[in-house]
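The values are calculated or read from the model by the stated rules, or taken from the named source; none is laboratory data. Given the structure is predicted, the values throughout are model-derived calculations rather than measurements. Note: ideal-geometry Cβ built from the backbone for every residue, glycine included; neighbour counts use all protein chains shown. Accessible surface areas use protein heavy atoms only, side chains included; no ligands, DNA or RNA. Shrake-Rupley method; radii C 1.70, N 1.55, O 1.52, S 1.80 Å.
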Amino acid sequence: MTLRTLALAALRRWYVTLLGLLATAGLAIFAGLQVPPQYTVEANVVLLPPQELLGEGENPYLALAGLSQVVEVLVRSLESDSYRDVEDRYNSDVTIARDNTTSGPVLIVTVEAPSEDAAAASLEDVLGRVPIGLADLQSSVGVQEEDQVYSRVLSQESETTAIMTPTIRAVIVASALGVVATLLLVAIVDGVMMRRETRGP
């Protein structure tokens, strides 16, 4: 059956086409509801040298060169189960990684969750754990508190960003399946009706 023949059949059996398209719309809406958008939010955390190593009034941001290895160790440490309960609590996905776009000791904390509130709350929870994890890491090897590297939130997104890609993909797939099923049904119904009309009463 050619495309033109199929289009004529869809017009002849418009009621089948209409029902199929309505069902397709319902299927697309259902798919969209089953795959809701995800929300993501991000923050940057910088590591700073201990105040004891700085002279009076010295800018700590000018003494970051020796902290690159600390970032790597901290990322490894935080990749453990230290924040897995945060993911479970908010049904979120947390990623902590070094910012490779800069030579400074900067961490990127990214959270993805099914709602804006969950994403924001999850990020706040994780940001509260980073300095604790950093302090515990140094204390475990005997570094005194006054000699410890500390962290500071460098920047934090105030609004979450909706990720619609999975939802859109689900709607497109459902719509395509619905249209194909509708055209197949139209072809079957039209074939049956045409044979009946050919045979006559």
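Where only DSSP H runs of four or more residues are counted, the chain gives -18000 deg cm²/dmol as its mean residue ellipticity at 222 nm, each run worth -39500 (n - 2.57).
Helix 14-34 and the longest principal axis of the C-alpha atoms of the chain enclose an angle of approximately 10°. The GNM of the chain, with springs linking C-alpha atoms under 10 angstrom apart, assigns the highest mean-square fluctuation among N100, N44, N91 to N100. What separates the Cα centres of the range 150-187 and the range 2-27 is a distance of 26 Å. Per residue, the accessible area of the range 102-177 comes to 55 Å², computed with a 1.4 Å probe over protein heavy atoms only. Taking 0.36 nm per residue of separation and subtracting the Cα-Cα distance, full extension of the segment from Y15 to V141 would add 37.7 nm. Taking Cα atoms only, the orientation of helix 3-12 departs from the longest principal axis of the chain by about 70 degrees. The length gained on full extension between L3 and T101, counted as 0.36 nm times the residue separation minus their Cα-Cα distance, comes to 30.1 nm. When all protein chains stay in place and ligands, DNA and RNA are ignored, the 1.4 Å accessible-area order of S155, S122, largest first, is S155, S122.
Modelled label positions at D117 and D88, each set 7 Å beyond Cα in the direction of Cβ, lie 2.2 nm from each other. Taking the chain as the reference, fit the longest principal axis to its C-alpha atoms, fit the long axis of helix 165-199 to the helix C-alpha atoms, and give the angle between the two in degrees, 0 to 90, nearest 10. Taking Cα atoms only, the helix is inclined about 10 degrees.
Computed from the C-beta positions of M193 and R169 and an R0 of 45 Å, the FRET efficiency is 0.80 to the nearest 0.05. Taking every alpha-carbon pair under 8 Å whose residues sit at least 6 apart, the chain reaches a relative contact order of 38 percent.
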